[in-house]
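Notes to accompany the following structure.
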Amino acid sequence: MSSREFILTQIRQSCHTERSEAPTVPFFHQDPANIVDKFKQSLIAMGGQIIETDPQDPYKFVKEKIAQSKIICSVVPEILGNRHLTETTEPKELQDIDYGVLRASFGVAETGSICLTEQDLFINTLGYLPQHLIIFLDPKQIVENLHDAYARSEWKQIHYAALHSGPSATADIEGVLIRGAQGVRSLSVLLIE
Amino acid sequence: MSDLQQEIQPKGAKIKGNKPVNQLEAANRFIAASAHQQMHDQRLWDLRKKRDAQMHLIPEWEELRDLASDIKSHTLDHLADYLEEFERNAKANGVHVHWAKDAQESNQIIAGILKEHDAKNLVKSKSMLGEECLLRQHLEEEGVTVIETDLGERIQQLDKEDPSHVVVPAVHKSRTDVSKVFVKTLNAEEGNNDVHYLATTQRETTRPYILNADAGMTGANFLVAETGAVVVCTNEGNADLSANTPPLHIVTVGIEKIIPKMEHLAVFIRLLSRSALGSPITQYTSYFSGPRKGGEMHVVLVDNGRSTRLASHKFKAGLKCIRCGACMNTCPVFRRSGGLSYGSVYAGPIGLILSPTYNVHKYRNLPFASTLNGSCTNVCPVKINLHEQIFAWRETLAEEKELSLSKRIIMTSLGKLFAHPKAYRMAVQTGDKLLSYLPHFMVYNQLNTWGRQRDIPTPPKETFHSWYAKNYMKKGKADE
């Protein structure tokens with residue numbers, strides 16, 4: 001008997017329950033009015049930053065920020081970087097990027113998370129190897145909580161996606177919080193359509 | 001330098017083959033290192049307080065706990081069906097699915113996949129199942145270099161110690177302890193105890209391993225049957241790096257980690273990090289349902305005793321555990337004795353009920369490392385009846401004649417005493433009187449373990465029984 005058969009047989013011998021339906025989960029909606037403010041608060045609590053927009057030039061701050069850096073990789077049309085990704089770029093080639101600029105599929109107000117799918121990232125390591133990330137997010141794409149987030153269609157269309165809630169962090173030594181563990185050192189969100 | 005920075009870190013329980021682990025001996029050494037003990041206690045209690053603060057922000061918290069518990073019960077009742085559904089969907093996404101009945105087979109499968117790809121360098125994110133299976137040791141014997149990428153786990157790997165906690169593996173160490181390890185192993189500056197410096201040292205020394213790895217490995221917090229996906233929660237981003245940088249991603253996961261649908265995932269993600277660290281969510285909650293572009297993905301479904309535990313009416317609920325560590329953070333025994341004192345992969349309340357299922361003789365002392373105060377049960381996000389199971393283990397151990405000699409002697413004499421009401425009442429009265437009159441040194445000494453680290457309460461002037469007899473019963477009837 002294969003291990004697969006062995007395990008499944010053992011389990012079936014252990015359980016003698018009638019077929020029952022899995023519990024259904026409500027959406028627990030509470031405050032759909034202040035969803036954008038809630039998102040901002042939650043993101044800041046997780047160590048992320050909100051980029052304030054300039055009415056004259058909404059990308060001014062982003063442009064200033066990246067003007068001070070050497071290697072910028074942008075996968076959004078609004079910003080021109082100096083590192084271009086192609087179909088043959090290897091994941092580890094992204095190791096020297098200072099700023100990665102990309103657009104998230106959606107945001108979650110409850111936790112200040114943004115969802116980056118493999119399509120948003122182009123190459124998955126773009127979410128982790130750069131020192132800093134700048135994320136564009138359409139405020140209309142912010143959902144209230146994680147129940148809404150996991151009801152979205154993205155999950156069924158991709159092989160990889162991650163909810164990023166601020167930059168990487170660790171508190172493994174004496175509980176001291178450090179932003180910038182293995183992944184990015186900072187994460188800034190620009191709310192823009 | 002503070003006491004904590006000068007004090008030497010106490011080591012964990014001494015493991016002697018299959019002999020029962022003496023948790024008490026190791027706990028005493030941890031308590032004796034008072035600065036470490038206090039730091040540990042405060043750090044974990046701080047996590048418990050943060051968890052409470054988060055809980056109060058979510059009006060539906062108790063409803064979520066009920067849902068989580070019900071989803072797990074339902075899934076365990078139909079485990080085989082959901083595993084088959086997961087396998088079907090994962091395969092359709094291009095994932096290779098393997099089944100391992102025990103630790104040995106799991107290690108062989110993983111070593112085999114690595115060999116097939118001629119992979120000699122593996123970067124790994126934290127996995128308690130990996131610890132359970134002694135995976136790293138096995139792979140190193142096969143000539144594979146294994147690098148832990150989680151900071152706490154890396155500290156423990158470099159110090160050749162096991163993790164002392166399921167979420168914060170190096171929580172028992174001071175910054176000086178970490179610095180000493182890094183000076184010895186990572187060529188860090190001597191005497192530089194700055195936490196930022198230490199974390200950066202690890203980041204910079206680990207990154208080259210990640211970039212040059214042949215394969216990456218992660219555990220899994222959840223499997224979603226409906227989509228065939230693996231969900232991993234980390235704060236450092238190390239799982240995403242390990243999985244996305246090398247061309248090969250291997251996942252090792254216990255069969256009980258499965259949940260039916262995406263809607264259920266939301267419940268667990270809302271509970272997990274809030275219960276563990278008191279943060280609303282982990283920095284990264286990652287979802288892998290197939291190999292990345294140009295990559296290959298393998299999932300190893302591991303049983304290792306789980307299907308047997310499923311058949312046990314008493315101890316089945318332990319399979320609901322989502323490894324958040326909330327029970328450890330709240331447990332007075334764990335906070336004071338340190339995770340390494342348990343000498344088992346899983347420590348604290350959850351360790352007390354899981355460990356004896358792996359080896360009842362070796363871990364027979366663990367179910368006694370509890371005050372049965374029930375705090376663990378109160379904070380468990382999936383509502384495992386931890387303290388009831390700890391008590392059930394004590395009964396089972398007595399039935400299976402797995403009590404230590406001293407416990408057997410005490411139980412036998414107490415059993416006789418309880419069987420004779422008159423003798424019992426006399427003993428209680430004499431004891432209470434003696435406590436009131438005995439000098440301090442006779443109460444607080446080596447023979448009275450109850451007098452260590454706590455004051456013995458002042459005995460009442462009169463027992464309930466004699467008060468009841470005096471007021472409500474006819475004279476002379478009370479002793480019958």
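Values as computed for the structure displayed
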item: Number of positions in the range B:58-90 that are more than 24 Å from the chain's Cα centre (by Cα), surrounded by fewer than 17 Cβ atoms within 10 Å (Cβ to Cβ) and either without any contact (Cβ under 8 Å) to a residue 12 or more places away in the chain or at the interface with chain A (Cβ under 8 Å from one of its Cβ atoms) (or both); result: 4
item: Among (1) in a helix (DSSP H, G or I); (2) in contact (Cβ under 8 Å) with a residue 60 or more places away in the chain; (3) within 13 Å of chain B (Cβ to nearest Cβ) - the single one A:GLN10 does not satisfy; result: (2)
item: B:TYR468 being over 30 Å from B:CYS321 (Cβ atoms), modelled with pLDDT of 85 or more and more than 38 Å from the chain's Cα centre (by Cα); result: yes
item: Close pairs (8 angstrom Cβ cut-off, 6 or more residues apart or separate chains): over 17 Å from B:VAL224 (Cα atoms) in the range A:141-157, of a type in the set (Asp, Glu) anywhere; result: A:GLU144/A:ASP31; A:GLU144/A:GLU110; A:ASN145/A:GLU110
item: Selection status of B:ASN221, in contact with a helix residue (DSSP H, G or I) (Cβ under 6 Å, 6 or more places away or on another chain) and open to solvent by 10 Å² or more (accessible area, probe 1.4 Å); result: no
item: Wholly enclosed strands (runs of 3 or more DSSP E) of the range A:86-193 bearing at least 2 residues closer than 17 Å to A:GLN41 by Cα and within 8 Å of chain B (Cβ to nearest Cβ); result: A:160-164
item: Single unsatisfied condition, B:VAL195 versus (1) touching a residue at least 12 places away in the same chain (Cβ under 8 Å); (2) open to solvent by 10 Å² or more (accessible area, probe 1.4 Å); result: (2)
item: Matching entry among A:ALA67, A:ALA33, A:ALA45 (being out of contact with any Pro (no Cβ under 6 Å at 6 or more places or on another chain), open to solvent by 60 Å² or more (accessible area, probe 1.4 Å), within 11 Å of another protein chain (Cβ to nearest Cβ) and of a type in the set (A, V, I, L, M)); result: A:ALA45
item: Candidates B:PRO247, B:PRO208, B:PRO280, filtered to the one that is touching a Gly at 6+ places or on another chain (Cβ under 6 Å) and at pLDDT 95 or above; result: B:PRO247
item: Of the criteria (1) part of a loop (DSSP other than H, G, I, E, B); (2) more than 14 Å from chain B (Cβ to nearest Cβ); (3) aromatic (Phe, Trp, Tyr), which one A:PHE28 fails; result: (2)
item: Residue count for the range B:149-176, restricted to those that are in contact (Cβ under 8 Å) with a residue 60 or more places away in the chain, more than 17 Å from B:THR234 (Cα to Cα) and open to solvent by less than 10 Å² (accessible area, probe 1.4 Å); result: 4
item: Subset of the range B:177-192 that is within 10 Å of chain A (Cβ to nearest Cβ) and not hydroxyl-bearing (Ser, Thr, Tyr) - its residue that is surrounded by the fewest Cβ atoms within 10 Å (Cβ to Cβ); result: B:ASP177
item: Residue check for B:GLU7: more than 19 Å from B:GLY348 (Cβ to Cβ) and at the interface with another protein chain (Cβ under 10 Å from one of its Cβ atoms); result: no
item: Filtered residue count, the range B:283-315, keeping only those that are at the interface with chain A (Cβ under 7 Å from one of its Cβ atoms) and in a loop (DSSP other than H, G, I, E, B); result: 7
item: Residues that are among the polar types (S, T, N, Q) and closer than 23 Å to B:SER289 by Cβ, drawn from the range A:90-121; result: A:SER105, A:THR111, A:SER113, A:THR117, A:GLN119
item: Residues located in the range A:49-61, provided they are under 27 Å from B:ILE281 (Cα atoms) and out of contact with any Lys or Arg (no Cβ under 9 Å at 6 or more places or on another chain); result: A:GLN49, A:GLU52
item: Single match in B:ARG394, B:ARG364, B:ARG408, B:ARG336 (criterion: open to solvent by 30 Å² or more (accessible area, probe 1.4 Å), at negative phi and in contact with a Leu (Cβ under 6 Å, 6 or more places away or on another chain)); result: B:ARG364
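The values are calculated or read from the model by the stated rules, or taken from the named source; none is laboratory data. Given the structure is predicted, the values throughout are model-derived calculations rather than measurements. In this analysis, Cβ positions are derived from the backbone assuming ideal geometry, glycine residues included, and neighbour counts consider all displayed protein chains. Quick note on the areas: whole protein, heavy atoms, side chains included, nothing else; ligands and nucleic acids left out. Shrake-Rupley method; radii C 1.70, N 1.55, O 1.52, S 1.80 Å.
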